[in-house]
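The values are calculated or read from the model by the stated rules, or taken from the named source; none is laboratory data. None of these values were measured; they are calculated from a predicted model. Note that each Cβ is placed from the backbone with ideal geometry, even for glycine, and that neighbours are counted across all protein chains shown.
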Amino acid sequence: MSSQGTAPRRRWPWIVVAIIVGVAIIVLLAVRFASDGTAPTSRPTDSSTPSSTSIPDTAPTGCLGGSSRDSTMLLRAQAKAPHTTNGAVEVAAAFTRWIQRYPYPSAAEAADVQENVLAGKSFTTNLVDYLAGKPDLSGGIVPAGETYFMSTVPGVWNLESASTDKTVVTIGTAYVINGAVSSSLRSSITITEDWQSGRWRVANVAGTRSTEQLFSIGHAFTGGC
């Protein structure tokens, strides 16, 4: 399923692709592996007070905004997410599901997300042009032109760091290619968020962990979509 042609020699092969957006780099790392199904025994907690429009703070579902993958879903998740680390995880998962797919989000959706979801200082100042450039957001895993999106059903998350108004969280998802969920192909993406104007907003997107590492330490979403 990889576009690399020949099979890698190592037992746990991984693919790293860097996509330059202005001065920021998006790296998507994918790995073929079989999960042992072991769930983490603890979750980080946060005592921050949720905003007045948020839902109660609960363990991340990975599907807060609903099962669609449009900007309406993303903005809904953002509006519902509380001012807690769990809320930040939900927004990061929603952003991952929104952007990492083909066909790409429309120009109208990109403009909407640029204005309402990205932080004042973010990884790009022109999300419309970035997506118009047809970046390979699958990291070479999905052949060009094939339909795919990411699912959080078998997904995981890991809180890298957090303060009152800033979080760094890594989201692990599964590839759904031409409608079929892959049993082995995974993605890892690390998202930095700032709490601005009563919402979690995306400040940076990068690659920091291999999928093998992430799925070995990550917390499973309680729902997913």
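Miscellaneous remarks
- Verdict on Ala81 being touching a strand residue (DSSP E or B) at 6+ places or on another chain (Cβ under 8 Å), modelled with pLDDT of 95 or more and buried (at least 16 other Cβ atoms within 10 Å of the Cβ): yes
- Here Leu185 passes the criteria (1) closer than 23 Å to Thr222 by Cβ; (2) surrounded by fewer than 21 Cβ atoms within 10 Å (Cβ to Cβ) except the one numbered (2).
- Condition check for Thr152: in contact (Cβ under 8 Å) with a residue 12 or more places away in the chain and closer than 20 Å to Ser122 by Cβ: no
- Test result for Ser54, at pLDDT below 95, under 17 Å from Trp195 (Cβ atoms) and assigned to a loop (DSSP other than H, G, I, E, B): yes
- Any chance Gly66 is within 26 Å of Gly218 (Cβ to Cβ), in contact (Cβ under 8 Å) with a residue 40 or more places away in the chain and either β-branched (Val, Ile, Thr) or surrounded by 24 or more Cβ atoms within 10 Å (Cβ to Cβ) (or both): no
- Count of residues meeting criterion [closer than 23 Å to Cys225 by Cα and out of contact with any strand residue (DSSP E or B) (no Cβ under 9 Å at 6 or more places or on another chain)] in segment 154-171: 0
- Selection status of Val176, in a strand (DSSP E or B) and either farther than 21 Å from Cys63 by Cα or without any contact (Cβ under 8 Å) to a residue 40 or more places away in the chain (or both): yes
- Any hit, segment 202-224, residues being assigned to a strand (DSSP E or B), under 17 Å from Val89 (Cβ atoms) and without any contact (Cβ under 8 Å) to a residue 40 or more places away in the chain: no
- Any hit, segment 130-147, residues being surrounded by 15 or more Cβ atoms within 10 Å (Cβ to Cβ), within 17 Å of the chain's Cα centre (by Cα), in contact (Cβ under 8 Å) with a residue 12 or more places away in the chain and part of a strand (DSSP E or B): no
- Residue in segment 120-130 that is under 25 Å from Pro60 (Cα atoms) and in contact with a Ser or Thr (Cβ under 6 Å, 6 or more places away or on another chain) present: no
- Among all positions in segment 100-114, there is at least one residue which is in contact (Cβ under 8 Å) with a residue 60 or more places away in the chain, under 24 Å from Lys166 (Cβ atoms) and touching a strand residue (DSSP E or B) at 6+ places or on another chain (Cβ under 9 Å).
- When restricted to residues that are within 21 Å of Met73 (Cα to Cα) and in contact with a helix residue (DSSP H, G or I) (Cβ under 9 Å, 6 or more places away or on another chain), segment 199-225 contains 8.
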